[in-house]
Each structure stands twice: as C-alpha cells, then as structure tokens.
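*Asks:* If you scroll down you'll find the structure; I have some questions about it.
Since every read-out is calculated from the coordinates, none of them should be taken as a lab result. Fair warning: this is a prediction, and the values are worked out from it, not measured in the lab.
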C-alpha cells in the first residue's frame, strides 16, 4: 500500500488502469473531458504492476481497475466515478483537488 501512496502523492488525479480495460478507457476519457490531465499508470505495462494491483485490492478496489484517486484520496472505480458525474460532483472534486481551475455545471 505504501507503493500506491507514493504514486498518488502530490498529484491531483491518478488513475490505475489496464490498457485493455474498456471501463478504464471510459473513465480516463470522462476525466479528461473536464480538462484534467490525470497521471495514468497502466498496470499491465509496468514491471511492478501485479504488486500495485494487489495493493489496490487490499485498499478495497473491486475490481482493481480502474482505481481513481482525486486529491490523494481513493474515490473508487468506474461506478463511483460515474455516480459522481451524474450527481454533478465530479467537476467540483476536480476543482478542489487542483486538477482543473474552473468548472461550469452543464
């Protein structure tokens, strides 16, 4: 878990993903549509990806990807991010984390 903490420190948005995961792609696209530039770790392309994936599972990420951290806090996976978006809460969270400067409610 310390490995995950190190990777998310001082970054406004971090997404743990797998390059072949369609939900990971969807979440990355959604967050980028707000104008954010998330740091993305593709676990299937990292030498220590399996260790990080185990740590994400220990943190409660089920499934392990996508796992989204906003403001150094685990927000959750695809369901949680989509729910925040539908509740118009994703934009404000990105602003509070410093990932985007302004957000206009649609």
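*Asks:* Stretched out fully, how many nm does the piece from residue 62 to residue 83 gain, at 0.36 nm a residue minus the Cα gap?
*Replies:* Numbers: separation 21, 0.36 × 21 = 7.56 nm, distance 1.59 nm.
Here the answer is 6.0 nm.
*Asks:* Most mobile of 18, 28, 73 per a Gaussian network model of the chain (Cα springs, under 10 Å)?
*Replies:* 73
*Asks:* Over the chain, with a Gaussian network built from C-alpha contacts below 10 Å, which listed residue (68, 13, 95) shows the highest mean-square fluctuation?
*Replies:* 95
*Asks:* What is segment 18-62's relative contact order, in percent, from Cα pairs under 8 angstrom and six or more apart in sequence? All intermediate terms of the calculation are to be shown ahead of the outcome.
*Replies:* On the way: 21 pairs, mean separation 14.7, N = 45.
Rounded, it is 33 percent for segment 18-62.
*Asks:* Cα-based Rg of the chain per 2.2 N^0.38 Å, rounded to two decimals? Intermediate results must be reported in sequence, preceding the final value.
*Replies:* Details: Rg = 12.9 Å, N = 106, 2.2 N^0.38 = 12.9 Å.
Expressed relative to 2.2 N^0.38 Å, the Cα Rg reads 1.00.
*Asks:* Please compute the contact order of the chain in relative form: average sequence separation of alpha-carbon pairs under 8 Å and at least six residues apart, divided by the residue count, as a percent. Spell out each step's value before the answer.
*Replies:* On the way: 162 pairs, mean separation 33.6, N = 106.
It rounds to 32 percent for the chain.
*Asks:* Additional query: Any idea how far the Cα center of segment 61-106 sits from the one of segment 1-30, in Å?
*Replies:* Value for the Cα centre distance between the two parts: 11 Å.
*Asks:* Suppose only helical runs count, i.e. DSSP H with n ≥ 4. What mean residue ellipticity at 222 nm does that imply for the chain under -39500 (n - 2.57) per run, divided by all residues and rounded to the nearest 500 deg cm²/dmol?
*Replies:* For the chain, the value works out to -12500 deg cm²/dmol.
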